[in-house]
Structures are given as C-alpha cells and as structure tokens.
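K.L.:
A single structure is presented below for examination.
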C-alpha cells in the first residue's frame, strides 16, 4: 500500500497509534508445561485458556502472553497486581518459579487504521 506523505503533516489516516494507559503486568517464569503453573496463571489472569507457544489469550484488560519457553506476561488491572502476586505465591508454593511486577517496564499501544498491518510488519517479527 503506497500513501503519499506530506513532510509537514505526516501521513494522517495511514494508521493511528495510541497508548492504552497503565496496565498491570506480571512476568511469570517457570515450567510452562506444568499444570499447576498453567492453572495459577489462568486463575490470576482471569482467562479460560492457556496460550500456545508464541501465542496470547486476551480478554479485555486481562490476559496471558507467551514470552519465551519459560516465561509468560500476565496482564491485569494495575490495582490488582499486589493481590495477583500473592495469589501466585500461594498457588505455586513449593514450585520453582519467579513472579515479578513489571508494570512500569512496558507500555501497551493500539495500532489501528488501514496501514496498521504494514506498521506492525516494520516493527515486529510477526
């Protein structure tokens, strides 16, 4: 898709990028094949499914994103992060894992419009 871009105005209409605001984010590392870890992650995230490799399960503000063979990112409302970490600690007691609040480490953006696919293709490995 080719769009003429005016240097002064940019490419208005090509796509819109907007920050979605503060979101609770918890990194969870451990054995992702363990049912105990999967169940705990789904319970804390409030989703009904566990993501496949390279996948994500998102329902509104909540979700689980696969990050690496031993790491997930759990999304939840920012106000619930402390309680979610406590729930994970209780559910995974005795299980080798790491759960940490990384809410301030990242931002979430929405990319929308007719050029959204092209913008994402330039910025992500997807």
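K.L.:
Could you tell me what a quarter of the Cα convex hull surface of the chain works out to, in nm² with one decimal place?
P.N.:
On the way: hull surface 36.1 nm².
Taking a quarter of the hull surface, the average projection is 9.0 nm².
K.L.:
Moving on. Please arrange 76, 15 by how many other C-beta atoms lie within 10 Å of their C-beta, fewest to most.
P.N.:
Ordered from fewest to most neighbouring Cβ atoms within 10 Å, 76, 15 come out as 15, 76.
K.L.:
Here's a follow-up. Give me the number: length gained by fully extending residue 107 to residue 27, i.e. 0.36 nm times residue separation minus the C-alpha to C-alpha distance, one decimal in nm.
P.N.:
Answer, rounded to one decimal: 27.4 nm.
K.L.:
How far apart, in nm, are two points set 7 Å out from the Cα along the Cα-to-Cβ line at residue 56 and at residue 122?
P.N.:
Here the modelled spin labels are 2.0 nm apart.
K.L.:
If you rank 85, 20 by fewest surrounding Cβ atoms within 10 Å, what's the result?
P.N.:
20, 85
K.L.:
Among 27, 124, 95, rank each residue by its count of other Cβ atoms within 10 Å, from fewest to most, as a rough exposure measure.
P.N.:
124, 95, 27
Values quoted throughout were computed directly from the atomic coordinates according to the rules given, and no laboratory measurement underlies them. Note that the structure is a prediction, hence the values are computed from the model and not measured. Note that we place each Cβ from the backbone using ideal geometry, even for glycine, and neighbour counts take in every protein chain shown.
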